[in-house]
Structure formats: C-alpha cells, structure tokens
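For reference, the structure is listed below as structure tokens.
The values are calculated or read from the model by the stated rules, or taken from the named source; none is laboratory data. Predicted, not measured: the structure shown is a model, and the values here were computed from it. Positions of Cβ are backbone-derived with ideal geometry, glycine not excepted, and every protein chain shown enters the neighbour counts.
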Amino acid sequence: MDDQFVPKLSVHGSFVVYGVGILFIGKSGVGKSEVALDLIERGHRLVADDVIILTKKGEGILMGSGTDLVKHFMEIRGLGLINIERIFGIRAIRFQKRLEVVVELEVWNESEDYTRTGLDESKISLLDVEIPYIKLPIIPGKNITVISEVISLHYLLKHYGYDAAKIFQEKLNRNLQKGKNLNFERGVDYFEHDFE
C-alpha cells in the first residue's frame, strides 16, 4: 500500500546508471537518448527513456523507474524505436534506481553563466527532495558520454568526502597566505632520468 500512495512525478528525460543514478533532462531533440545509448554501449544500464516516474521513498530519497508501456524501449531519431534489453542483454537494464544527480543538457549559450570551478553547487527540487544539478553545455566535439562518466565518479568522490574544488581552493589559499609567487612554474624541480 505504501508504494501505491506515495508522491509520484512524471519527468521527460533519460535515466541511466553508472554506479550513480543520473537523470538527463533538456529540450526535445537535444540528445538525451543518444547520450544514454552511448553510455549503455559502454556497459552502463538503462532504467528508462522518455518518461521516468519518480517516487518519493522516505526523507530525501527519490526512486526512478520506467512506465509499464515503454519500459526499456528507446526512440532514436532517424532510426526509430529500439529495445535496449533485446539488443544489449539483461545486463544493460535496471527496473529501478535511486536518483542521485540531474544533468540538464543544453545547447551552448554564450550569455549563460556555466560553473567553472564547481564551488557553486546547484540543486534542483523534485517532490521536495534536493538533488545535485548540473547544467551541461553541448558544443560540437564535446564528449558528453565521458563527461557523464566523470560526473558519476566525481559525485562518488564527494559522497565519500573528497571535493576536488574545495581542496584546490584550500591549496590556493595556503599559497596566498604564505605569500608564495603564483606565477606558473614547473611542478617538479628537476627532470628524472626518464625523458619520455
């Protein structure tokens, strides 16, 4: 009964798992399904494409799943509908996963202010649950699949206590307090015998 009456929300996007549940959102045609397909081809798992049902489970937990109709079908423009489970096998799918990161894919916009350091963390509220949110600009030649994998790994590092942006900021502040010259110098005092 609990599962049937908890708050639910329908979201348009692609929900993929790489250790971390990532929901890709963005305007229609921006490439959400293509990024998900590329991740699946690299060994990640699809929870759902197009329509994702988010269900609130306790405080601060959102579970995502597909609809009964769509399940693990995916629409690729120019190709049509494909069945991920039939093409890639049972290891390429999941029926549900906790939502941990939302990534909005957006065509590059010069007037938009995208984060450069990662110190200004953004969140998005879904069913009153705050989820880490990343706005990812897309330009030709940018490898969104690799960046998506790094988003997952970076999230896991932060979850276990390592935040690269904060550590870099602390290192920079220590150097400034010591009055160190911040000119760009080599990271090593001398080259070892390996000249490769």
Out of (1) at pLDDT below 95; (2) more than 24 Å from Val6 (Cα to Cα); (3) in a strand (DSSP E or B), what's the single condition that is false for Asp50?
(2)
Look through Gly43, Gly78, Gly29, Gly60 and report the one residue that is more than 17 Å from the chain's Cα centre (by Cα) and over 22 Å from Ile138 (Cα atoms).
Gly60
Identify, please: which residue in region 67-96 is among the small types (Gly, Ala, Ser) and at pLDDT below 95 and is, among those, farthest from Val6 (Cα to Cα)?
Gly78
Exactly one condition in (1) under 15 Å from Val16 (Cα atoms); (2) without any contact (Cβ under 8 Å) to a residue 24 or more places away in the chain; (3) not aliphatic (A, V, I, L, M) is false for Arg86; which is it?
(1)
Here are some conditions: (1) exposed (fewer than 12 other Cβ atoms within 10 Å of the Cβ); (2) charged (D, E, K, R); (3) over 15 Å from the mean Cα position of the chain (by Cα); (4) not in a loop (DSSP other than H, G, I, E, B). Lys123 meets all but one. Which one does it not meet?
(3)
Given the conditions (1) in contact (Cβ under 8 Å) with a residue 24 or more places away in the chain; (2) outside any loop (DSSP other than H, G, I, E, B); (3) hydrophobic (A, V, I, L, M, F, W, C); (4) surrounded by fewer than 21 Cβ atoms within 10 Å (Cβ to Cβ), report the number of the one that Leu81 does not fulfil.
(1)
If we ask which residues in region 140-169 are loosely packed, with under 11 Cβ neighbours inside 10 Å and either modelled with pLDDT under 90 or more than 19 Å from the chain's Cα centre (by Cα) (or both), their number turns out to be 3
